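A.B. asks: Attaching a single structure in structure tokens format; questions to follow.
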Amino acid sequence: MADNINNSEKSGVGGRMTFTQHLYELRKRILISLGALFTFFLISMFYQNELVEFLCMPHEKAAELLKADYKSDELAPRPHLISFKYGSPFISYMKMAFLISIFLSSPIIAIQIWKFISAGLYSNEKSIVYYFVPASFILFVSGCVIGYLILTPYCLYFLAKYTNPSSNPALISLDYSISEYLDLIILLTVIAGGVFQIPLVMALLSKINLINYKTYLKGWRFAIVIIWIVSAVITPPDVVSQIMFGIPMTILYFIGVLLAWMMTKNSTG
């Protein structure tokens with residue numbers, strides 16, 4: 001009898017976890033997440049040279065596009081990545097490794113967050129998480145890949161081309177800071193990944209009955225205007241970059257309308 005009472009006190013009333021047990025569980029999930037983050041950080045630092053070469057691919061692509069604009073290779077400007085300070089590459093590599101470790105460990109961290117909060121969710125709330133979290137990760141990765149392979153090289157190409165007048169292409173030396181370059185690459189890639197969340201956010205708002213798909217359809221003209229304004233703000237001031245960013249955002253918006261309609265249909269059905 002006494003053993004049963006002690007076990008009940010340890011497990012909490014009605015089988016629920018006590019406040020102390022919640023703290024232990026939270027500490028466990030945090031330690032696992034930090035362990036995964038630290039492990040991927042060490043791996044990223046160990047392969048820092050390979051990662052830097054990989055991140056410099058948009059720069060090389062932009063240099064090839066810039067070279068193709070000139071008839072002679074001697075006249076074509078040659079952009080270089082340089083370091084202005086002794087510690088600049090080290091700090092840039094540390095930042096790069098940290099951001100890559102966050103990206104690689106994000107599935108593990110998401111699982112730990114899910115295990116901690118799932119006990120307090122209802123069945124319908126769990127079903128939303130089951131569908132939306134994997135879809136969100138897939139869309140984010142897809143956006144990052146497209147942004148890195150397509151959007152970023154052309155943005156760099158325009159910025160490099162804008163530096164010198166066509167009458168005198170050698171007027172200004174195209175030397176860029178490696179730290180600023182890595183910051184720009186990461187920024188454009190993350191923005192592209194975030195943009196790909198548009199249809200999922202629209203579907204989620206429809207799922208919780210906050211915005212109906214009919215509202216999205218009624219305001220599609222206003223949404224298109226906002227999309228192209230945002231595209232003009234977050235991209236270099238050239239038409240090509242804005243089109244390359246604005247068209248996918250427009251397509252994603254209407255995909256979001258379709259998903260919102262499917263959410264509404266399933267909830268009413």
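The values are calculated or read from the model by the stated rules, or taken from the named source; none is laboratory data. These numbers come from a predicted model, not from an experiment.
A.B. asks: On the given criteria, is S241 modelled with pLDDT under 85, under 25 Å from L156 (Cα atoms) and polar (S, T, N, Q)?
C.D. replies: yes
A.B. asks: Follow-up. Does L205 qualify as being at pLDDT below 85, among the aliphatic types (A, V, I, L, M) and not assigned by TED's automatic domain parsing to the domain that holds F98?
C.D. replies: yes
A.B. asks: Check every one of the helices (runs of 4 or more DSSP H) wholly within region 19-121 and list those with 1 or more residues that are hydroxyl-bearing (S, T, Y).
C.D. replies: 19-46, 88-117
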